[in-house]
Amino acid sequence: MLELLRIRHLALIDDMELEFSGKMNVLTGETGAGKSFILKALNFLTGEKMRADLVRAGEDKAQVEALFVIDGEEYIIRRELVAATGRSRLYINDKLSSQEAIRNLKPKLLVHTSQHGQQQLLQPAFQEKLLNDFLQRPDLLEERNNVLKTLRDIAAQQDDLRERARILEDKRDFLEFQQKEIAKVAPEAGEEEELEAKKQETREQGLVEEAVEHSLGLLYTDNGALAEVISRLENSLDAVCRYLPEYQPDVERILEFRHSLGELETRLRNQPMHRPDEESIEEIEARLYELAQLKRKLNRSLDEIVNMQQEIEENLTFLDTCNLDLKLLDKQENEARETLQTILEQINQLRESKGKELCDAIETELKTLGFSEHVHVEFQFTPTEIYPECFEGKARLIWVPNPGQSPQPLDKIASGGELSRFLLAVVGLMNKNETPTLIFDEVDAGIGGITLNYVADALTMLAERQQMLLITHWPQLAARAEKHFLVRKEVRSSATFTSCDALSENGIREEYERMAGGGQQGEALARELLGTG
């Protein structure tokens with residue numbers, strides 16, 4: 001139940017606070033005063049979008065806040081619309097919340113019925129939803145949807161397998177050629193780099209041996225080993241030092257150098273040598289050439305070829321096993337189709353039985369709304385293939401409002417007034433399990449005369465069961481309300497404002513007179529409705 005609604009800085013509304021009765025609440029006022037906009041504010045609060053330019057001029061944001069009580073639990077819901085960005089923020093019990101949360105909560109809060117709802121009523125999809133809701137078997141419908149999804153997934157897999165097999169079958173000869181060429185060479189990942197490194201290492205070994213031999217050769221001259229020549233120089237300088245002692249340091253340096261040469265010669269002669277294996281080099285070159293030829297044939301790098309080898313094997317294996325996979329999917333499809341057929345048989349039977357029950361209930365409601373005692377409503381079922389060989393009876397409402405007519409869909413013969421009452425009957429039936437606040441926005445369109453009394457009686461009975469907000473231009477309907485609000489538009493200080501106030505007894509009388517057209521006729525009807533005439 002909606003206990004309290006506050007709207008601030010939204011369009012022509014500056015600050016409005018409404019406290020509602022738990023039964024019927026009526027909103028009246030001149031056309032264009034802003035009655036429907038109050039309902040739009042409620043729709044905005046429960047998830048619908050609203051334009052940023054509807055924030056009142058000069059204000060930073062608009063705010064709609066309401067207090068709902070559901071099964072004894074309070075829900076304070078607030079939504080703000082920011083003028084600068086057009087973005088909104090939603091709070092449930094003062095905690096920032098999401099659009100999904102309010103969408104899930106909305107069916108427990110409000111059911112909004114308007115002239116748009118009449119158009120929905122004409123749509124076969126909406127009529128079928130009414131019947132599905134009346135079945136009260138969401139588990140069966142969910143099972144149907146799950147099996148249907150499974151079948152569609154299987155069909156998609158079958159299509160993918162067949163398409164992939166078709167493409168690969170066209171390439172089978174080429175794939176097998178590639179596989180043979182790769183198998184001949186049997187390349188390995190990183191093999192080319194390893195061979196190049198090994199070839200470079202072998203070449204370097206030859207260069208080392210050549211450099212060592214050249215260095216040893218330089219240690220010898222035509223006069224003998226370089227060390228012997230230096231030894232003779234050392235002896236000669238010893239003789240010089242007997243006469244010229246200042247050359248003694250040179251003799252010592254020559255002695256040190258001679259010892260170093262000896263050590264160098266020993267190290268060079270002991271240097272391990274690995275003579276290049278000419279056969280090994282030829283094998284490396286031959287393997288590299290073989291790999292290069294394979295890369296040229298397949299126009300791929302060696303790593304790509306190694307990866308392609310695995311891919312080719314997988315593709316050829318797929319072609320060999322594809323038929324087995326398709327047979328397995330065919331088996332799964334047949335099993336799922338049989339399951340779907342069983343479920344559809346249950347649903348179709350249940351729809352027929354429950355459909356008759358729902359139509360009988362609608363007929364009863366329509367008779368209380370002024371329709372003929374002979375009014376007849378039924379669901380017409382058309383077998384529709386929802387999956388190959390699986391048929392579901394698609395439901396469509398047809399009716400006979402008056403005796404002597406043939407059954408026709410609602411959109412063929414229903415007038416605006418008849419649709420209004422039909423929608424009222426359906427709303428009354430479909431909300432018996434839960435008690436959200438019912439909102440009727442000019443559901444009395446196209447209704448007049450004695451029919452108005454039938455509609456008033458139906459609305460009164462419905463309001464005894466659950467809270468109702470009713471927008472109407474008929475005083476006969478407004479008189480059934482427990483609380484009456486008047487919506488007015490006025491200009492103050494060159495600014496326009498929409499206000500909404502609960503009326504006192506005098507205010508109600510004046511509003512009845514206005515709604516009845518004023519004058520003596522209006523006064524008479526007001527007195528009659530108030531029981532004072």
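The values are calculated or read from the model by the stated rules, or taken from the named source; none is laboratory data. This one's a predicted model, so the numbers in the text were calculated from it and none came from an experiment. Cβ sites come from the backbone with ideal geometry, for glycine too, and all protein chains shown count toward neighbours.
Assorted remarks:
- Whether a residue is surrounded by 18 or more Cβ atoms within 10 Å (Cβ to Cβ) and assigned by the TED database to the domain that holds ILE70 was assessed, and LEU131 does not pass this test.
- Among the candidates LEU27, LEU5, residue that is under 33 Å from the mean Cα position of the chain (by Cα) and in a strand (DSSP E or B): LEU5
- Selection count, segment 1-28, where residues are farther than 19 Å from ALA495 by Cβ and buried (at least 21 other Cβ atoms within 10 Å of the Cβ): 8
- When THR364 is tested against (1) loosely packed, with under 15 Cβ neighbours inside 10 Å; (2) farther than 30 Å from ASP457 by Cα; (3) among the β-branched types (Val, Ile, Thr), just one condition goes unmet, and that condition is (2).
- Segment 51-75 - residue that is free of Cβ contacts under 8 Å to residues at least 40 places away in the same chain and surrounded by 14 or more Cβ atoms within 10 Å (Cβ to Cβ) and, of those, farthest from VAL491 (Cα to Cα): TYR75
- Against the criterion of being of a type in the set (A, V, I, L, M), assigned to a strand (DSSP E or B) and in contact (Cβ under 8 Å) with a residue 60 or more places away in the chain, ILE439 qualifies.
- Residue in segment 231-251 that is under 30 Å from GLN200 (Cβ atoms), assigned to a helix (DSSP H, G or I), at pLDDT below 85 and of a type in the set (Gly, Ala, Ser) present: no
- The residues of segment 465-475 that are part of a helix (DSSP H, G or I) and modelled with pLDDT under 90 amount to a single one, ARG465.
- Residues within segment 30-41 that are surrounded by 22 or more Cβ atoms within 10 Å (Cβ to Cβ) and part of a helix (DSSP H, G or I), tallied: 3
- Helices (runs of 4 or more DSSP H) completely within segment 54-136 that count 3 or more residues being aromatic (Phe, Trp, Tyr) and within 22 Å of GLN466 (Cβ to Cβ): none
- Criterion: of a type outside the set (Phe, Trp, Tyr), surrounded by 14 or more Cβ atoms within 10 Å (Cβ to Cβ) and at pLDDT 75 or above - qualifying residue of LEU294, LEU316, LEU288: LEU288
Residue-by-condition table, conditions (1) polar (S, T, N, Q); (2) loosely packed, with under 14 Cβ neighbours inside 10 Å; (3) under 15 Å from PHE20 (Cα atoms):
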position	(1), (2), (3)
MET468	no, no, yes
TRP474	no, no, no
LYS489	no, no, no
SER493	yes, yes, no
PHE497	no, no, no
SER504	yes, yes, yes
ILE508	no, no, no
GLY519	no, yes, no
GLU528	no, no, no
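Here is a yes/no grid of residues against (1) assigned to a loop (DSSP other than H, G, I, E, B); (2) touching a residue at least 60 places away in the same chain (Cβ under 8 Å); (3) closer than 22 Å to SER420 by Cβ:
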{"position": "LEU452", "(1), (2), (3)": "no, no, yes"}
{"position": "ASP457", "(1), (2), (3)": "no, yes, yes"}
{"position": "THR460", "(1), (2), (3)": "no, yes, yes"}
{"position": "THR498", "(1), (2), (3)": "no, yes, no"}
{"position": "GLU510", "(1), (2), (3)": "no, no, no"}
{"position": "GLU513", "(1), (2), (3)": "no, no, no"}
{"position": "ARG527", "(1), (2), (3)": "no, no, no"}
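- Conditions (1) among the acidic types (Asp, Glu); (2) at positive phi; (3) over 33 Å from the mean Cα position of the chain (by Cα); number of the one not met by GLU363: (2)
One line per residue, one yes/no per condition, for (1) crowded, with 18+ Cβ neighbours inside 10 Å; (2) of a type outside the set (A, V, I, L, M); (3) modelled with pLDDT of 90 or more:
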site: THR342; (1), (2), (3): no, yes, yes
site: GLN346; (1), (2), (3): no, yes, yes
site: GLY355; (1), (2), (3): yes, yes, yes
site: CYS359; (1), (2), (3): yes, yes, yes
site: THR368; (1), (2), (3): no, yes, no
site: PHE379; (1), (2), (3): yes, yes, yes
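- Boolean, LYS108 is basic (Lys, Arg), in contact (Cβ under 8 Å) with a residue 60 or more places away in the chain and within 30 Å of GLU418 (Cα to Cα): yes
- Selection status of THR113, at pLDDT 90 or above, of a type in the set (Val, Ile, Thr) and either in the same structural domain as LEU462 (by the TED database) or out of contact with any Lys or Arg (no Cβ under 9 Å at 6 or more places or on another chain) (or both): no
- When segment 51-108 is filtered for residues that are of a type in the set (Asp, Glu) and in contact with a helix residue (DSSP H, G or I) (Cβ under 7 Å, 6 or more places away or on another chain), nothing remains.
- Residue check for GLU311: under 38 Å from the mean Cα position of the chain (by Cα) and either farther than 30 Å from THR382 by Cα or assigned to a loop (DSSP other than H, G, I, E, B) (or both): yes
- Condition check for GLY47: part of a loop (DSSP other than H, G, I, E, B), buried (at least 16 other Cβ atoms within 10 Å of the Cβ), among the small types (Gly, Ala, Ser) and without any contact (Cβ under 8 Å) to a residue 60 or more places away in the chain: yes
- For segment 381-420, the set of residues classified as in a helix (DSSP H, G or I) and either touching an Asp or Glu at 6+ places or on another chain (Cβ under 8 Å) or free of Cβ contacts under 8 Å to residues at least 60 places away in the same chain (or both) consists of LYS412, ILE413, GLY417, GLU418, SER420, listed by residue number.
- Number of the exception - SER97 against (1) of a type outside the set (Asp, Glu); (2) in contact with an Asp or Glu (Cβ under 6 Å, 6 or more places away or on another chain); (3) under 25 Å from PHE68 (Cβ atoms): (2)
- Output for segment 486-496, where each listed residue is without any contact (Cβ under 8 Å) to a residue 24 or more places away in the chain, assigned to a strand (DSSP E or B) and either not assigned by the TED database to the domain that holds LEU470 or not β-branched (Val, Ile, Thr) (or both): GLU490, ARG492, ALA495
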